[in-house]
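Following: one structure in structure tokens, then a few remarks.
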Amino acid sequence: MFDPVREWLDETVPVFAAGENHRRVGTADIEVMWSMCEVFSNADHHLGGGYARATLARFLDDVVGPALRGSCDSRTAPELFAVAARLCDLSGFMCFDSARQGLGQKYFRQALRLAKVSGNTALGAHILTDMSMQAHFLNRKKEALWFGTAAVHAAQQSGSPSSTARCNALLARAHALNGDAPAGVQAMLEAERRLNRARPDDEPDWIRFFTERQLSAEFMYVAHDGRRAVDVQQRAPLVLADSVGMERRQVLVAATLAASYVPEPGEAAVGHSVEIEQACHVLQDAIRAARGLTSARGIESINVVRRRLAPYADLPVVQRVENEFQTTVALVG
């Protein structure tokens, strides 16, 4: 079993060196830190992990670290550890999204330890799911499954239907990556059932973004991982229509849709048609949305399609797409 999962499941609670300085942490400190979670989360969702990553790292070093080494009463301590865990999780996700994978894993692991100390299983489940997403992106199939399974288990204990829904949706992606379509279907059905039970006002702040539209996006990604191009093409337009102002999501969804029109050679052999014109049309939308985006993950999703279009480089429509990429996204990068 992978070490972070073993640490989470182990009954031993990590110890942090509190009381090393004279800082006294109170309710006002906690409230400010939670408000900063919202600020950094919004920046990440809209413009990608690179936009505020360095600023968050400084906030962790200058504010959160000293607070953890300070002192507080028994009622404040769990909230302090929870908000610190959430900020470390955000930092890990920003690193993951901006191609700093090793650093992201360190932040995620620290976030998981802090969540365990806080006793917040819903937050622990959320962090484990972020770790599953990173492992999925890196094509580490077993790790994606381990993290996803542990996340679902934690979410079920937490009493948060939205958390359980998201964890099951990402577990479905891990199953699809591992080629287990039936298990993926079961996980997605469970995600849908759990989300139907959710009451947003009763859910933690960090999971309220996981609405029906986000679940639809996850259905689309699972279809992509399962190489079901028709399902991707049916779901993607609805997700795109509901992603205005969310540049990273627009890029990821549009690039996934474009990829469905240019399957890999092995996929084309089993009945998936190649539609170059349509792929280029959709990819242009992704490129336009990527202007100013600081998400290496988003740019890589575009590059996946560009590589698939490379054999058709002599076609004018492909040349136009490539020219637009080089004069906008590539120059910014």
Review point. Once every DSSP H run of n ≥ 4 in the chain is given -39500 (n - 2.57) and the sum is divided by its residues, what mean residue ellipticity at 222 nm do you get, rounded to the nearest 500 deg cm²/dmol?
Key: -22500 deg cm²/dmol
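How big is the shadow of the Cα convex hull of the stretch 1-151, averaged over all directions, in nm²?
Values: hull surface 33.9 nm².
Averaged projected area of the stretch 1-151's Cα convex hull equals 8.5 nm².
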Practice item. For the chain, with all protein chains present and a 1.4 Å probe, just round the carbon and sulfur fraction of the accessible area to a whole percent. Key: 52 percent
Review point. What does the highest-first list of 274-282, 208-216, 83-91, 24-32 look like by mean Cβ count within 10 Å?
Key: 83-91, 274-282, 208-216, 24-32
Review point. What's the angle, to the nearest 10 degrees (0 to 90), between helix 101-118's Cα axis and the longest principal axis of the chain?
Key: 40 degrees
Exercise for review: For Asp61 and Leu315, calculate 0.36 nm times their separation in residues minus their Cα-Cα distance, and state this gained length in nm to one decimal.
Suggested key: 86.3 nm
Revision key, fill the gap. Residues whose modelled amide H sits under 5 Å from the amide H of Leu315, counting only those 5 or more places away in sequence or on another chain, are none
Revision key, fill the gap. Rounded to whole Å², per residue accessible area for the chain with a 1.4 Å probe reads 46 Å²
Check your understanding: Given a Förster distance of 35 angstrom, what is the FRET efficiency for Thr327 paired with Leu238, based on the Cβ-Cβ distance and rounded to 0.05?
Key -> 0.70
Check your understanding: At what distance in nm do the modelled label points of Asp3 and Arg23 sit from each other, each positioned 7 Å from its Cα along Cα→Cβ?
Key -> 2.6 nm
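Quick one: net charge around Thr12, please, counting Lys, Arg +1 and Asp, Glu -1 for every other residue with C-beta under 12 Å from its C-beta. Present the calculation step by step, with values, prior to reporting the outcome.
Details: positive: Arg6, Arg113, Lys116; negative: Glu7, Asp10, Glu11.
Local charge sum for Thr12: 0.
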Review point. Highest mean first, what order results for 154-162, 68-76 on Cβ atoms within 10 Å?
Key: 154-162, 68-76
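The values are calculated or read from the model by the stated rules, or taken from the named source; none is laboratory data. Every value quoted in this text rests on a predicted model; they were computed, and no experiment measured them. A quick note on method: Cβ atoms are made from the backbone with ideal geometry, for glycine too, and the neighbour counts reach across all protein chains shown. Just so you know, the surface numbers come from the protein's heavy atoms only, side chains and all, with ligands and any DNA or RNA stripped out. Shrake-Rupley method; radii C 1.70, N 1.55, O 1.52, S 1.80 Å.
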